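Visitor: Structure incoming, see below.
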Amino acid sequence: MFDKIMLLAMFLLSISLIITLYRIIKGPTIHDRILALDSIAYIIIGIVAILSIHLNSHAYLETILLIGILAFLSTIALSRYMERGVVIGRKRND
């Protein structure tokens, strides 16, 4: 029974991944595409977490943490780029 529930969860996450990929391709604005990229990262985290539970392994937990950190930083960087035009602003003393 537990295996069927995990299989259903993987299937639903895969469907949501496909829907989110559609949002990246057809997104009306760049902001929608940035949020869709963020959503894809968290969907992948869910898939890896279910895989880790299914395999009864703790080896994937660092991967989940790394994907989460990279997703957060990329969302911040893309948002700053959209707001200011640069990711890292510098003051020049010219």
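Values in this text are rule-based calculations from the coordinates and carry no lab data. Just so we're clear, the structure is a prediction, and the values are computed from it rather than from any experiment. Neighbour counts are summed over all protein chains in view; Cβ atoms, including those assigned to glycine, are modelled from backbone coordinates with ideal geometry.
Visitor: Just to confirm the number: angle between the C-alpha axis of helix 30-55 and the first principal axis of the chain, 0 to 90 degrees, nearest 10?
Guide: With rounding to tens, the tilt is 30 degrees.
Visitor: If I compute log10 I(q)/I(0) by the Debye sum over Cα atoms at q = 0.14 Å⁻¹ from the structure I just sent, which labelled value in [x] -0.56; [y] -0.64; [z] -0.42 lines up?
Guide: Only one listed value fits the structure, namely [y].
Visitor: Taking the dipole about the Cα centre of the stretch 2-84, with the C-beta of Lys and Arg at +1 and of Asp and Glu at -1, give me whichever of Ser39, Thr63, Ile25 is farthest to the positive side.
Guide: Ile25
Visitor: Size of the dipole of the chain about the Cα centre, Lys and Arg at +1 and Asp and Glu at -1 on the beta carbon, nothing else charged, in debye to 20?
Guide: Roughly 400 debye, rounded to the nearest 20.
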